[in-house]
């Protein structure tokens, strides 16, 4: 029996995950307010425009990473709650296509989240961005969220079905996403010109984000099937 | 009907959570049979079904399913079997029709196959537009069985397929399994409802403490 083309599986899984999100609205009704609260609470806690402008990049990405844990757990809960993941395994499809479909869905949700968080930073922290900075910022968001999408899906698959996965996932994932937090923060600071940083300084960090996304994209595609199988 | 062996297990040992859940099982199933696995809870029926689906590694012995050696390549058998375990393998937030269309896209089935399977299992019409989370246990079971029909599995592996179904659903399931057998599929199922299951099965096997004997 011939195997279903990979692109069809990617598309089916991607559509399924986004449709479930659109219907359940976990990201819009729970994750977004949670991330927004982080931004607002820091604004009140620091209560200093200069400091807030300086740390805006870091706060955006901290809020993104905390939100990542919730979205990844939700993404795999829909697959494990009625053993649909087992059905996917038995369907005899290429599980790397399932990985890609889920990772792209996760990335799109994170991009939507970051658009709101960056808008909140403009509003609450009074940050500014030049035309060149905007290009850098958009590229940084795409590369960083892709990296987070790939690594989140890989570790979500690793912890799916394990007991205590709610606490295990952040423990495993936080050290791994530290390079994304650092690089995306530096690139975002360069885009905002925080602390006198030049826009050009940010591109090297975007390079690091691209490498991270490529490594976890390729590594995840290869490892996801065996991980889910074990 | 041919006497081709669809399942051929010889002294198979399957270790699950460091425990030999199947300890030296030897049995075979011919094409076109409907075989009942009976036995007490924890005897190894579910483990055997999951192993036949290529989901569990074989620790010892030789295990062939649909001509695939499970010791060396258990992935190859997966696209040719349909497994329905205790859970239904459905997405709760999607409607019945969306679930069916998702599985049909994964296996390259046509829309008319989906419509026919939904009619066969009595989940077409208004029920098809209902979210799975809002269905009764029996309706979910019928939805899961319809997805197996869409997948056109050559070997159906069913764990307590009658569970949660009302009398009409059970009759419909029995008819569906016989129709699947007539269409060339082989069915192996575990059940505690012995009377009904025996009337459906062409042969029964008893599973006790990880071994298999004729019932």
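Computed from the coordinates by the stated procedures, all read-outs in this text should not be read as laboratory data. Since the structure is predicted, the reported quantities are computational estimates derived from the model, not experimental observations. Ideal geometry is used to build each Cβ from the backbone, glycine not excepted, and the neighbour counts take in all protein chains shown.
Compared with the dominant principal axis of the Cα atoms in chain B, helix B:137-151 is inclined by about 80°. Considering only beta bridges that DSSP places wholly inside chain B, some 55 percent are antiparallel. For peptide B:75-81, the mean count of partner chain Cβ atoms within 10 Å of a residue's Cβ comes to 4.
Helix A:95-125 versus the longest principal axis of chain A: what angle, 0 to 90°, nearest 10, using Cα atoms? Between the helix axis and the principal axis of chain A, the angle is about 20 degrees.
In degrees between 0 and 90, to the nearest 10, how far off the longest principal axis of chain A does helix A:49-80 point, with axes built from Cα atoms? The two axes meet at around 10 degrees.
So the label point goes 7 Å from the Cα of residue A:6 along Cα→C-beta, right? Which residues of segment A:62-100 then have their backbone N under 16 Å from it? Correct set: A:93-100.
Averaging over all projection directions, the Cα-based convex hull of chain A occupies 12.7 nm² in the image plane. Here segment A:1-74 is treated as a Stokes sphere of Kirkwood radius computed over C-alpha pairs; at 25 °C and 0.890 mPa s its diffusion coefficient rounds to 166 µm²/s.
For segment B:103-215, the extents of the C-alpha atoms along the principal axes are 44, 28, 23 Å, listed from largest to smallest.
If R0 equals 30 Å, the separation of the Cβ atoms of residue A:223 and residue B:17 corresponds to a calculated FRET efficiency of about 0.85.
Computed over the Cα atoms of the protein assembly as shown, the ratio of the radius of gyration to the Kirkwood radius (Rg/Rh) comes to 1.07.
Divide the volume of the convex hull around the Cα atoms of segment A:160-230 by the residue count and you get 89 Å³ per residue.
When the helices in chain B are scored as -39500 (n - 2.57) per DSSP H run of 4 or longer and the sum is shared across all residues, what 222 nm value do you end up with, to the nearest 500 deg cm²/dmol?
Per the formula, -9500 deg cm²/dmol.
I'd like the distance between the alpha-carbon centres of segment A:182-211 and segment A:97-145, rounded to an integer number of Å. Their Cα centres are 14 Å away from one another. Summary of packing: across the peptides B:46-52, A:48-54, the per-residue average of other C-beta atoms within 10 Å ranks them, highest first, as B:46-52, A:48-54.
Percent relative contact order of chain B, based on C-alpha pairs within less than 8 angstrom and at least six residues apart? Each step should come with its number before you reach the end.
Working: 428 pairs, mean separation 65.2, N = 215.
Once normalised by length, the contact order is 30 percent.
Pairs of Cα atoms nearer than 8 Å and 6+ residues apart set the relative contact order; for chain A it is 27 percent.
Per-residue shielding of B:82-95, expressed as the average number of other chain Cβ atoms within 10 Å of the residue Cβ, stands at 6. Legend: calculated FRET efficiency, residue A:211 to residue A:94, from the Cβ-Cβ distance at R0 = 41 Å, rounded to 0.05, equals 0.95.
At q = 0.11, 0.16 Å⁻¹, what log₁₀ I(q)/I(0) does segment B:39-144 have when each alpha carbon counts as one equal point scatterer in the Debye sum? So the normalised log intensities are -0.45, -0.82.
Every helix of 4 or more DSSP H residues in chain A counts as -39500 (n - 2.57), and over all residues that averages to -29000 deg cm²/dmol at 222 nm.
Working from label points 7 Å from Cα in the Cα-to-Cβ sense, the residue B:5 to residue A:108 distance is 4.8 nm. Computed over chain B, the range of Cα coordinates on each principal axis works out to 49, 38, 35 Å, biggest value leading. Just to confirm my numbers, what's the Cα centroid distance between segment B:77-96 and segment A:12-79 in Å? The distance from the Cα centre of segment B:77-96 to that of segment A:12-79 comes to 31 Å. The distance between label points at residue A:30 and residue B:204 comes to 4.6 nm (points 7 Å beyond Cα on the Cα→Cβ vector). Per the Debye calculation on segment A:100-146 with a single equal scatterer at every Cα and no solvent contribution, log₁₀ I(q)/I(0) for q = 0.24 Å⁻¹ amounts to -0.88.
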